[in-house]
Amino acid sequence: MYPLPEREAVGTLLRHVLELLDGDVAKVYAELGLDDYRPRFSPVVRALLAEGPLPIRDLARRVGVTHSAASQTVAQLNRAGLVALTTGADARQRLVALTDKARELLPVVSAEWAATSAAMRELDAELTMPLADLLTELTEALHRRPFRQRIADAGLTVPETTDG
């Protein structure tokens with residue numbers, strides 16, 4: 001058994017859980033011969049598969065990440081030859097589309113998605129509530145009242161900064 005982060009180190013604990021989940025999914029990709037495919041690619045690939053080419057900004061919204069995070073993932077997908085970038089209607093807009101190489105991988109990736117979903121349902125059965133439900137509840141609570149506000153309400157005052 002591996003040592004767990006302190007309960008109060010929630011950020012560390014969340015990163016640890018993500019490393020455990022994504023690390024094993026990455027191992028599955030490697031075992032399937034998909035050495036260039038990363039777990040973070042799947043939401044983007046699934047969105048493009050469902051909706052066709054999208055601007056990065058719309059892709060970020062669809063996947064639920066920042067524009068910066070979507071841009072980084074798209075750059076990695078592009079380096080792996082899984083997406084192509086073209087200029088949109090506005091010269092500043094870049095459209096992201098799946099390549100033939102990505103489409104060729106879809107049967108294997110789709111089988112992995114199905115197996116991963118089944119594994120997650122089995123894991124959820126061991127928990128007091130499904131992980132996605134808990135994370136959704138947490139996200140909604142933090143949108144209602146950001147963690148920064150909660151820290152301030154706990155009594156921490158941040159000194160005013162002065163320019164000069």
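Since every read-out is calculated from the coordinates, none of them should be taken as a lab result. These numbers come from a predicted model, not from an experiment. Note: ideal-geometry Cβ built from the backbone for every residue, glycine included; neighbour counts use all protein chains shown.
Please compute the length gained on full extension between residue 117 and residue 35, using 0.36 nm multiplied by the number of residues separating them and subtracting their Cα-Cα distance.
Difference between extended and current length: 27.4 nm.
Estimate the FRET efficiency between residue 134 and residue 90 by the formula 1/(1 + (r/R0)^6), using the beta-carbon distance for r and 45 Å for R0, to the nearest 0.05.
0.70
Using only Cα atoms, find the angle between the long axis of helix 100-126 and the longest principal axis of the chain, and express it within 0 to 90 degrees, rounded to the nearest 10.
Relative to the chain, helix 100-126 is tipped by roughly 40 degrees.
Using the Cβ atoms and a cut-off under 12 Å, what net charge is assigned to the surroundings of residue 93, where Lys and Arg are +1 and Asp and Glu are -1?
+1
Counting Lys and Arg as +1 and Asp and Glu as -1, each charge on the Cβ, what is the dipole of the range 10-153 about the Cα centre in debye, to the nearest 20?
Dipole of the range 10-153, to the nearest 20 debye: 740 debye.
Compute the helix-to-body angle for 10-31: its Cα long axis versus the longest principal axis of the chain, expressed 0 to 90° and rounded to tens.
The angle comes out near 20 degrees.
List 44, 65 from most exposed to least, where exposure is judged by having the fewest other Cβ atoms within 10 Å.
Ordered from fewest to most neighbouring Cβ atoms within 10 Å, 44, 65 come out as 65, 44.
Between residue 76 and residue 49, what FRET efficiency follows from the Cβ-Cβ distance if R0 is 22 Å, with the result rounded to 0.05?
0.80
Which value in deg cm²/dmol, rounded to the nearest 500, describes the helix-derived mean residue ellipticity at 222 nm for the chain, given -39,500 (n - 2.57) per DSSP H run of n ≥ 4 and division by the residue count?
It lands at -20000 deg cm²/dmol.
Can you pull the percent of Cα pairs in the range 10-153 with separation above 23 Å?
For the range 10-153, the fraction of Cα-Cα distances above 23 Å is 45 percent.
Tell me, 56, 151 in order of fewest to most beta-carbon neighbours within 10 Å?
Lowest count first: 151, 56.
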